[in-house]
Structure formats: C-alpha cells, structure tokens
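Trainee: The following block contains the structure, expressed as structure tokens.
The values are calculated or read from the model by the stated rules, or taken from the named source; none is laboratory data. Every value quoted in this text rests on a predicted model; they were computed, and no experiment measured them. Note that we place each Cβ from the backbone using ideal geometry, even for glycine, and neighbour counts take in every protein chain shown.
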Amino acid sequence: MPPIDAGAGRFAPSPSGELHVGNLRTAILAWLFARSTGRDFLLRIEDLDRARAGAEAKVLEDLAAVGLTWDGNVLSQTDRFPLYRTAITTLADAGLVYECFCTRREIAEAPSAPHSPAGAYPGTCRNLGDSERERRRQERPAALRLRAGVTEYTVTDRLHGEYTGVVDDLVLLRNDGVPAYNLAVVVDDADQGIDQVVRGDDLLSSTPRQAYLASLLGLAPVEYAHVPLVLNAHHRRIAKRDGAISLRTLALAGIGPDRVRDMVLRSVDLPSGPLEQALEAFSPGQLPTEPWIFEPPVLDLP
Ligand SMILES: [Zn+2]
C-alpha cells in the first residue's frame, strides 16, 4: 500500500461551458493516477476569466455522473486573489518583477530579442528608466512580469520523459488586476498540497514556465503526466461542430454517462464498468501515448 500522506492529484477545469469527452477523459485519468498512488483527488475551478453563471455546478454534476469522487472542498481561483498577491510580493521583494505597459499588438509587432523563440515576450519593458516608466503609467495600467533568469527549463513527465521548453518574462498580474493563469496554478498546487499534475498535453509547453516559477517561489517540484488530447477524425481537437461531445448532447444521441465512461476507459485499454474496477487494472506505464480519435455521433436537431 502507498503511504497515507502521499499528497494529492487534481482536476482543474475552467467553467467556460460544458465539459466534453476530452475533459472527462483527462479527469478520469487524473483520478486514476491519484487513486492508484494513494493520493487524494482534489477539484479546483479555474475561473480567473469570468465564469458562466451556473457553469461550476454543471461541471461538478458531469464529473459525478461519470462516477468521479473527490476529496475536500472545491476551490475557486476567484476566491484566492490574496494568496496570489502574496506570491507576487515575494517575487517582487527578490527583484524579480517589473511593470510592462505593452499592448498585445506592440508585443506582436516588436522585433524579437536575439535567440528568443517565437511568441516569447521580447523584453521591451525590462529595463525602462524611472522617468519613462512614470510617463507610461499615465497612459495605461501596467501588467507585472517575471524577470526570468533563464530562457528554458526542463521538467520530467511520466509520459513524455524529459521535456525542455521556453521560459520568458511571463505575466504574473494582468493589467486588469487579475492574476495570470501560470502564477495561480503554481500557487494553488503548492497551497493545496498537490504533488501530481495530470492534464491535457496541450499544456505541456507551459509546464517549464510553471516549474521554473515554482522553483523561484521555493516550492517543491510536482510529478507531471500530460495525457493525449481527444481528436476528431481529421486529427483536430474535437469541437462542438463535430457533433455530440458533451454529456448532455451524447445523452440526446442515446449515449448515457455510463457508456461515456466506458468509452473513455476502453480508449486507455481499461475494462468497462465502475471506476473502482478500472482502478485495479490501471497502470500508468501502460497508458497509450497517442491521441484518442473520437468520432462523435452527429445530432440532427431542429
Ligand atoms: Zn512591455
């Protein structure tokens, strides 16, 4: 048996609409990873961008419908701004924060710094003088950026092995006063005792930034597993236009939550049936690393 105090895994959906089969698959995998290693399984609602009314309740309902259970209270990021501000202050006290006044357009049009990869912040505001900064403060509110000391960082992932990716001067606080996603995730995982992060592999490229940020905040590294996404028959990320992909629309096509759960389990070579049963057969090392090609039933609705 794994030790009792083995930390926690998590699923952290954004409440922007209904969960689709890909989200549900990631949630089930995160649950299997956590439970198979004796960890708690926590839920966190990543609602830094405005959530749709009632969306959180719907998310929890969908997760329960496929048989997921979780521990403790469900946290919402919008309730945790003081915690994020404390982390930014810690970084600022270490001289690792600066104000950035760039618009999206200015960043897109700026010549990129030598050796900096596409999409990385070009460092425009990194070394503004006091008077220039004062002038620009009158024009628009500043975002706060991390003064990164590296340009890349390496993480270890259960499925992808060693992964090295870009670290730039990432945003910590947006210029509308909302903490940035990368900061919030790192602070929350540490605060919640999460030491295992299982999520879609579309987030793998953000992971070096987050792991580097965690190291600057003196936080312990976490175990990562970035699981494959669900793609449509054209090998693109599934979307609503592909047909029935949410529990609600799948139900309209005659596929209830138990069958959705079974489809997800079969896509990772696990037996159909209750999740507890799948847990006994689950072995992270045997997880397929290819995406799941899912052809949603087409709904012919008025
Ligand atoms: Zn800037």
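Trainee: Among the residues of segment 181-205, write down those that are small (Gly, Ala, Ser), surrounded by 17 or more Cβ atoms within 10 Å (Cβ to Cβ) and free of Cβ contacts under 8 Å to residues at least 60 places away in the same chain.
Mentor: Within segment 181-205, ALA190 is the sole residue that qualifies.
Trainee: Among (1) free of Cβ contacts under 8 Å to residues at least 40 places away in the same chain; (2) over 20 Å from the mean Cα position of the chain (by Cα); (3) within 22 Å of ALA180 (Cβ to Cβ), where does ASP47 come up short?
Mentor: Failed condition: (2).
Trainee: For segment 27-54, how many residues are small (Gly, Ala, Ser) and buried (at least 18 other Cβ atoms within 10 Å of the Cβ)?
Mentor: The number of residues fulfilling the criteria is 4.
Trainee: Ok, one more. Check off (1) within 11 Å of the ligand (Cβ to nearest atom); (2) closer than 21 Å to PRO179 by Cβ for ARG137 and give me the number that stays unchecked.
Mentor: Failed condition: (1).
Trainee: Scan segment 206-224 residue by residue and report those that are surrounded by 21 or more Cβ atoms within 10 Å (Cβ to Cβ) and in a strand (DSSP E or B).
Mentor: Answer for segment 206-224, where residues must be surrounded by 21 or more Cβ atoms within 10 Å (Cβ to Cβ) and in a strand (DSSP E or B): just TYR224.
Trainee: While we're looking at this one, here's another question. How many of the residues making up segment 252-280 are out of contact with any Phe, Trp or Tyr (no Cβ under 9 Å at 6 or more places or on another chain) and more than 18 Å from PHE41 (Cβ to Cβ)?
Mentor: Count: 15.
Trainee: Moving on to the next point. How many of the residues making up segment 92-124 are surrounded by 14 or more Cβ atoms within 10 Å (Cβ to Cβ), assigned to a helix (DSSP H, G or I) and more than 9 Å from the ligand (Cβ to nearest atom)?
Mentor: The total comes to 1.
Trainee: A follow-up question, please. Go through the residues of segment 12-20 one by one and say whether even a single one is buried (at least 19 other Cβ atoms within 10 Å of the Cβ), outside any loop (DSSP other than H, G, I, E, B) and modelled with pLDDT under 95.
Mentor: yes
Trainee: Taking the condition acidic (Asp, Glu), farther than 30 Å from PRO288 by Cα and either modelled with pLDDT of 95 or more or within 16 Å of the ligand (Cβ to nearest atom) (or both), does ASP176 pass?
Mentor: yes
Trainee: Could you tell me whether LEU128 is in contact (Cβ under 8 Å) with a residue 24 or more places away in the chain, among the aliphatic types (A, V, I, L, M), under 18 Å from ARG209 (Cβ atoms) and within 13 Å of the ligand (Cβ to nearest atom)?
Mentor: So LEU128 does not fit the description; no.
Trainee: Okay, moving on. Please list, ordered by residue number, the strands (runs of 3 or more DSSP E) wholly in segment 125-169 having 1 or more residues that are in contact with a helix residue (DSSP H, G or I) (Cβ under 9 Å, 6 or more places away or on another chain), β-branched (Val, Ile, Thr) and surrounded by 13 or more Cβ atoms within 10 Å (Cβ to Cβ).
Mentor: Qualifying strands (runs of 3 or more DSSP E): 152-157, 161-166.
Trainee: Quick one: which of THR78, THR89 is surrounded by fewer than 13 Cβ atoms within 10 Å (Cβ to Cβ), part of a helix (DSSP H, G or I) and β-branched (Val, Ile, Thr)?
Mentor: Result of the check over THR78, THR89: THR89.
Trainee: Give the residue, chosen from LEU183, LEU159, LEU144, that is modelled with pLDDT of 95 or more, away from the ligand (no atom under 13 Å from the Cβ) and touching a strand residue (DSSP E or B) at 6+ places or on another chain (Cβ under 6 Å).
Mentor: After applying the criteria, what remains is LEU183.
Trainee: Restricting to segment 195-213, name every residue that is touching an Asp or Glu at 6+ places or on another chain (Cβ under 8 Å) and either under 13 Å from THR154 (Cβ atoms) or of a type outside the set (Val, Ile, Thr) (or both).
Mentor: Hits for segment 195-213 are ASP195, GLN196, LEU204, THR207, PRO208, ARG209.
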